[in-house]
Amino acid sequence: MSTFGCQRCGACCRWPGSVLLEAADVAVAAAALGLAEEAFIEKHATLARNRAQLTLKERSDGSCEFLQEDGRCRIYAARPKQCRDFPQGWRVDGCPGLSCGPEERRRNA
Ligand code: SF4
Ligand code: SF4
């Protein structure tokens, strides 16, 4: 049984690496921000290193530009699939949500 419960600490949003975007991710995030998809891509996306996908823009320190000062995601309800799925299928170290108990999981659900 999984013991994962996201603590909304924002650590994974500061780690180096790309948030790859699927077409549906662009549509959902653009709508959440009240932007046309083209405008969202222009403002918030860039070509990924694989040159086959788009990725969210990052700040100079490597953090996602949607990470707010309070550690929360500005587009949480419309975050990309990669973010919604994390950390499932990832090898991660340093995610406090991976070992939390049932009380913490409920609190952060
Ligand atoms: S997935 Fe883990 S590292 Fe990311 S915000 Fe949740 S608890 Fe923090
Ligand atoms: S879109 Fe939100 S959840 Fe995904 S990396 Fe950026 S701040 Fe984190």
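Each value in this text was obtained by applying a stated rule to the coordinates, not by laboratory testing. Since we're looking at a predicted model, the values are computed, not measured. Glycine gets a Cβ as well: all are built from the backbone with ideal geometry, and neighbour counts include every protein chain shown.
Rounded to the nearest 500 deg cm²/dmol, what is the calculated helix-only ellipticity per residue at 222 nm for the chain, with -39500 (n - 2.57) per DSSP H run of length n ≥ 4?
Only helices count here, giving -7500 deg cm²/dmol.
Measuring from label point to label point, each 7 Å out along Cα→Cβ, what is the C9 to A77 span in nm?
2.7 nm
Most exposed first by the Cβ proxy, i.e. fewest other Cβ within 10 Å, how do V19, V26, V92 rank?
Lowest count first: V92, V26, V19.
Which GluC sites (Glu not before Pro) in the range 40-69 pass both tests, a DSSP loop state and at most 11 other beta-carbon atoms within 10 Å?
Sparse-neighbourhood loop GluC sites (Glu not before Pro): E69.
Against the longest principal axis of the chain, how steep is helix 23-33, in degrees 0 to 90 to the nearest 10, with axes from Cα atoms?
So the helix axis and the longest Cα principal axis differ by about 90 degrees.
If you stretched the chain out fully between A32 and D93, how much longer would it get, using 0.36 nm times the residue separation minus the C-alpha to C-alpha distance?
Contour length minus Cα-Cα distance gives 18.9 nm.
Would you mind finding the longest exposed-site-free stretch of the chain, with exposed chymotrypsin sites (Phe, Trp or Tyr not before Pro) meaning DSSP loop and at most 15 other Cβ atoms within 10 Å?
Between the exposed loop sites, the longest stretch runs 5-89.
Projected onto the charge dipole of the chain (+1 at Lys/Arg Cβ, -1 at Asp/Glu Cβ, origin at the Cα centre), which of L47, A30, P96 gives the Cα projection farthest towards the positive end?
P96
Considering only C-alpha atoms, what is the centroid distance from the range 65-98 to the range 1-48, in Å?
The range 65-98 and the range 1-48 have Cα centres separated by 9 Å.
Starting from 0.36 nm per residue, how many nanometres of slack lie between A39 and E65 once their C-alpha separation is accounted for?
7.8 nm
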